[in-house]
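Below is one structure, written out as structure tokens; the observations come after it.
What follows is calculated from the coordinates using simple rules that are stated; it is not laboratory data. A quick note: this is a predicted structure, and the numbers were derived from the prediction, not measured. Glycine also receives a Cβ, built like all others from the backbone with ideal geometry; neighbour counts cover every protein chain displayed.
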Amino acid sequence: LLLYGFAMPLDRAAHGGRTLHVGLGRDAPHRVEKVAILAGLGVKEEATGEKPFVISEAIPIPEKLALTLYAQRCDLDQLGRLTAYPDREPAPLRAALSDLVDACDAMLANYPSNDADDATALADDALPPRKRLALLVRVPERRALEACRREAAVRRGALETGPGAD
């Protein structure tokens, strides 16, 4: 594909993110009602798990992902009152952000190396093409997860110390 110009050279290709499937489970309490509310907010396919969320360094926690995680942790009354981020109630939002931090930690634990190791490997001209491709995909995925985890931890920390903290 590279030879005939159907794909960009790996050093210029944009592999920028990680997909996450975190829709409401089929047995989630009030799933039908929550999906209906989320659909009204433009999050139907992602909320049902039909379409993944995409996180990246630039957008570590897309709004649709934040809404779905919040919906997983709140009751119907709380979700029904939802109109914008500041209106989200602290307890379920804090729990959702904790879930996201834990999920990122679990996914990051599966990566076999760190940024420094990968940068060293990519600088090696003798690195086989398959390993180079794997690193070019893995590095932005890991960075996206790290950015998502950082942002979730910061937001959770703000809830624990800011107005409305328990």
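Using the basic label-point model (7 angstrom from Cα toward the beta carbon), what is the THR48 to GLU63 distance in nanometres?
2.3 nm
How would region 28-87 be classified by its alpha-carbon gyration tensor: rounded, prolate or oblate, with rounded meaning a/c under 1.5 and the a/b versus b/c comparison settling the rest?
It comes out oblate by the Cα gyration axes.
Once you put a point 7 Å from the Cα of ASP75 and another 7 Å from the Cα of ALA153, both along the Cβ direction, what distance in nm separates them?
Using points 7 Å along Cα→Cβ, the separation is 3.3 nm.
Where a ≥ b ≥ c are the square roots of the eigenvalues of the C-alpha gyration tensor, would you call region 103-156 rounded, which needs a/c under 1.5, or, failing that, prolate if a/b is larger than b/c, or oblate?
Note, shape of region 103-156 comes out prolate.
Below 16 Å, Cα to Cα, which aspartates and glutamates can LYS131 reach? Residues fewer than 8 away in the same chain don't count.
The reachable aspartates and glutamates, counting only those whose Cα sits under 16 Å from LYS131, are ASP11, ASP115, ASP117, ASP118, GLU141.
Taking the alpha-carbon distance from LYS64 and a cut-off under 29 Å, which lysines remain once sequence neighbours fewer than 8 residues away in the same chain are dropped?
Here the lysines satisfying the reach criterion relative to LYS64 are LYS34, LYS44, LYS51.
Please report the relative contact order for region 23-72, taking Cα pairs under 8 Å with a sequence separation of at least 6, and give it as a percent rounded to a whole number.
Computed over region 23-72, the figure is 38 percent.
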